[in-house]
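Novice: One structure, as structure tokens, below. Some questions next.
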Amino acid sequence: MSDHHDPLDDRDFDVLEELGYEPVDINASGKNVFANFAAVFVFFLAMAAVSWYFLVAVDRSDSLTIKTPPQQERPRVPEAPAPLLQSNITAQKDMVMLRREENEKLNALEVTEDKKAVKIPVDQAMDILAEKGLPTRANAGTPEDYGK
């Protein structure tokens, strides 16, 4: 380890001063740090103001509208005797609407047209059935009777 030495120990500071280098570092006092921070803050504030001006204050929405040509009737694909195929977008929408209609039917309370029966929600019907139990026949056998 004795072979190594710091090469900066041998330099001549007078030569560096003669070349125009300063012999001391910058004094990083509180004033300099605050001034630098303030300059950076003012720069970003100015950039935000300019961005806001171009994005919000300048209303160019009229010039950005895209004019679409009038819709022409598209040819039917496949031809007339074959059924039309449904796209994924309309299929998803149709499935959502079908599930909504099914849930409304299952959870609705209504009276039939002839007013002889009442339709109750499935959950309510299951609760009533669990309370009362299933109806049985008078001469009903047990499972053991049928197994023999």
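Nothing in this text is a laboratory measurement; each read-out follows from the coordinates by a stated rule. The structure presented is a predicted model; accordingly, all values stated were derived computationally and were not measured. Virtual Cβ from ideal backbone geometry, glycine too; neighbours counted across all protein chains shown.
Novice: HN-Hα J couplings of region 124-141 from phi, Karplus 6.51/-1.76/1.60, θ = phi - 60°, integer Hz, Gly and Pro as x?
Specialist: 5, 5, 5, 5, 5, 5, 5, 6, 7, x, 7, x, 10, 8, 5, 9, 6, x
Novice: Rounded to the nearest angstrom and ordered from largest down, what semi-axes does the equivalent ellipsoid of region 88-136 get from its C-alpha gyration tensor (root of 5λ)?
Specialist: That gives 30, 16, 7 Å for the three semi-axes.
Novice: Oh, and also: Quick one: net charge of S87's neighbours, Cβ under 15 Å, K/R +1, D/E -1?
Specialist: Charge balance near S87 sits at +2.
Novice: Compute the FRET efficiency between E144 and K116 as 1/(1 + (r/R0)^6), taking r as their Cβ-Cβ distance and R0 = 35 Å, and round to the nearest 0.05.
Specialist: The calculated FRET efficiency here is 0.30.
Novice: Obtain the nm distance between the two label points defined at I128 and E104 by a simple spin-label model: each point lies 7 Å from its Cα along the Cα-to-C-beta direction.
Specialist: Roughly 2.3 nm, to one decimal.
Novice: Sticking with this structure for a sec: Using amide H atoms built in the peptide plane, which far-off residues or other-chain residues are under 5 Å from K119 H to H?
Specialist: The list, which skips near neighbours in sequence, is E110, V111, T112.
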